[in-house]
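Taking it in order: structure first as structure tokens, then the write-up.
The values are calculated or read from the model by the stated rules, or taken from the named source; none is laboratory data. Since the structure is predicted, the reported quantities are computational estimates derived from the model, not experimental observations. Every residue, glycine among them, receives a Cβ derived from its backbone with ideal geometry; neighbour counts consider all protein chains shown.
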Amino acid sequence: MKKKMPFNNLIDQRSIVELPDEWLYNYPNFLDFNPNMEDLSEAIEHNESDTGKYISHAIDDFTRRHPGGGSPIFLNEYWKGSVIDVPKSVQTKVGKTSAKAVTLEEDIKIYRSQEMYMKLKSKRVVQDSKKRLIWLPNLDRDTALLCFLSSPESERTYVSSFFDRHDHREKFFSDDATAALNLWKTEFHLSFYQLLDRDERSEYNVLSFLGDPRQELKKAAIGFLFIGDFFDRYWTCRVCEHDPQQNLDNSLGFKDNHKNETKLQLRLKYLIKPKLPGTDQERRPWRQRKVLELLIFDHMLEAMKKSYNDMTQDTSKHLIDLFPQDTNVPSPRSGVLAVSNALFSSPMDNDTYLRFSKDWPPFQYTLQVMEDDLKENIEKIALWRTREKDREPKRPRWTRNDERKYRSAITRLSISNNQKVRELERHLSNIQSLRMSLTSRLGSTRNELSFQSAENVRFSTYVTVVFLPLGFATAIFSMNDTPMSAALIGMVITAVIALFLTIVALVNAQRLDQKVFRPILQGSRALKRLIRGLFPSEKSSTDSDEGSQDGGSSSRSFAKPVEGGGEDGGDSPEHKERFYKPFFQKIKRLRNKREGHQGLPVVDEMASDGLVRYSRSG
């Protein structure tokens, strides 16, 4: 009879995957594997796997320090990380299972390079290391080389590529489950920007934050590589982290002292011990691969969320600095959109626009970089969230006992993951909205200032029109002798009246434009159209008279010789023949139209004869 009944006993039958014939498959290659790392130089020489760029550089560095072999000499003795081995459970006489090391979470050890070497060079057996977690918050080439050489030949290509992607700060996801090979491999990388204060040790060509030379953006990265069997009994997990804030001064963050060791122990304990109810904590859910994947993913999302919170708050502060001090704006903690809306709701004068347009290009570039980086991360996260569905045809083993023990932890962690993903999507939406609103606000302000400049030019034109008669009056009142008092009084009165009229015209410019100038302009246009209708032009009347006259009058009009001549050959017979030929052809067409075909020879003969006679007479 059971002494206690679990309150939460939810089981999703669709998640259960029972695989038969497990006994036909061999153990993974990393079990019972002896790295033979007593002499690292010899182990490097016997390596037959392809190495990537990062491992190749690590081998070159190590070979230069050890030209003759011997005991390894590492670059430094800072804290590098930790290795946690989960032993195989032992079946007791009463039918319960117990693990040899039940206090793994409370007895975490942080290793230096030498201690890491001593841990990884030993043979790995299933009784002591059924599952292994390698956590590397301070990865360097020596540590990567140790992890590479401690892996079997079948895994070294994966391990080398994993370190290359982490070193390049890539965003990458891959999930491959193959039953025939008894292999289940998952690799996931996310990289994101962190906001740092620039100091003298910073590189020259760094990305400044919003054009501020005192701040810079640097890439942080977190990635993990799971390699295990298809039945999810044995696996090795490698986790790499790169925090530019902590790695900026390695001697402070990872220096060999008890304070740093305690901090690193707390970081790893926070990673593998989630905030779950006591019942779930007693089962140590991190030892299950599906739970550990969600824990690491939650840690990645938390780091990204904190980073983008810091960047958006500093963006709000920079926006406030761009505008006058008397502008009432909310606190930067209220959100970047609230700050931008409060700032842009107030009018922007010419000085503010010029200052903002000068600072806008680096501002826009930084926002674009943040948007593109976060968008790529969300795309990789979307692939991660659909991994279970994508591998449905070849799902790894998941027993009813696993479902009963870990479903509650998986559900809680999935809810936490989804909430953090939504917050990242909200950050992306805010960055996009801010960038678009800044662009539209800048354009609308530019158009408004251009319109104001055009209005000022129009008002100055009015002033010029008023002062032209004033100048004329001044010329009238000018004289050679000293002006009389009456003339001076007249000039002063004229100037005062002109100034008064100018001020009145400027104050009421829009009203005068609508009620005086526009009606006058419209009336003048209507009067012009009326005059054109009453008195048509001479050319149009002449054309109409020509259309109403008969052929005889037309012939007399067209037959009028051209006066002038002179040096251009206007009186020559050839010129007259070319000039009058079209006229006589028109006479012929008009006469034929009136008299029919009977007069055609007469007209043709008369026209041609008249043309010839006139030409010869010339």
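Selection over the range 234-260 of residues that are outside any loop (DSSP other than H, G, I, E, B) and modelled with pLDDT of 90 or more gives a count of 8.
Within the range 486-507, if we keep just the residues that are of a type in the set (Val, Ile, Thr) and surrounded by 14 or more Cβ atoms within 10 Å (Cβ to Cβ), the residue that is nearest to Asn456 (Cα to Cα) turns out to be Thr502.
Could you check, for the range 359-366, whether at least one of its residues is modelled with pLDDT under 80 and part of a helix (DSSP H, G or I)? Taking every residue of the range 359-366 in turn, at least one turns out to be modelled with pLDDT under 80 and part of a helix (DSSP H, G or I). Filtered by the rule that a residue be outside any helix (DSSP H, G or I) and either modelled with pLDDT of 75 or more or surrounded by fewer than 10 Cβ atoms within 10 Å (Cβ to Cβ) (or both), the range 509-544 gives Phe535, Ser537. For the range 293-306, the set of residues classified as of a type outside the set (Lys, Arg) and either surrounded by 22 or more Cβ atoms within 10 Å (Cβ to Cβ) or in contact with a helix residue (DSSP H, G or I) (Cβ under 8 Å, 6 or more places away or on another chain) (or both) consists of Leu294, Leu295, Ile296, Phe297, Asp298, His299, Met300, Leu301, Glu302, Met304, listed by residue number.
Anything in the range 376-393 that is assigned to a helix (DSSP H, G or I) and either surrounded by 13 or more Cβ atoms within 10 Å (Cβ to Cβ) or touching a Phe, Trp or Tyr at 6+ places or on another chain (Cβ under 8 Å) (or both)? List them, or say none. First the steps, then the outcome.
Taking the range 376-393 first, the residues assigned to a helix (DSSP H, G or I) are 376-385, 387-390, 392-393.
If the condition is that a residue be assigned to a helix (DSSP H, G or I) and either surrounded by 13 or more Cβ atoms within 10 Å (Cβ to Cβ) or touching a Phe, Trp or Tyr at 6+ places or on another chain (Cβ under 8 Å) (or both), then Glu376, Asn377, Ile378, Lys380, Ile381, Leu383, Trp384, Arg385, Arg387 are the ones that fit.
When the residues of the range 473-485 are narrowed to those that are loosely packed, with under 10 Cβ neighbours inside 10 Å and hydrophobic (A, V, I, L, M, F, W, C), which ends up modelled with the lowest pLDDT? Selected residue: Met479. Note down all Cβ pairs under 6 Å where the first residue falls in the range 205-226 and is without any contact (Cβ under 8 Å) to a residue 40 or more places away in the chain, the second is in a strand (DSSP E or B) and polar (S, T, N, Q), and they're at least six residues apart or on different chains. If the second residue must be in a strand (DSSP E or B) and polar (S, T, N, Q), the pairs left are Glu216/Ser208; Lys218/Gln194.
Of the residues making up the range 151-173, those that are out of contact with any Lys or Arg (no Cβ under 7 Å at 6 or more places or on another chain) and assigned to a loop (DSSP other than H, G, I, E, B) are Ser151, Pro152, His168, Glu170.
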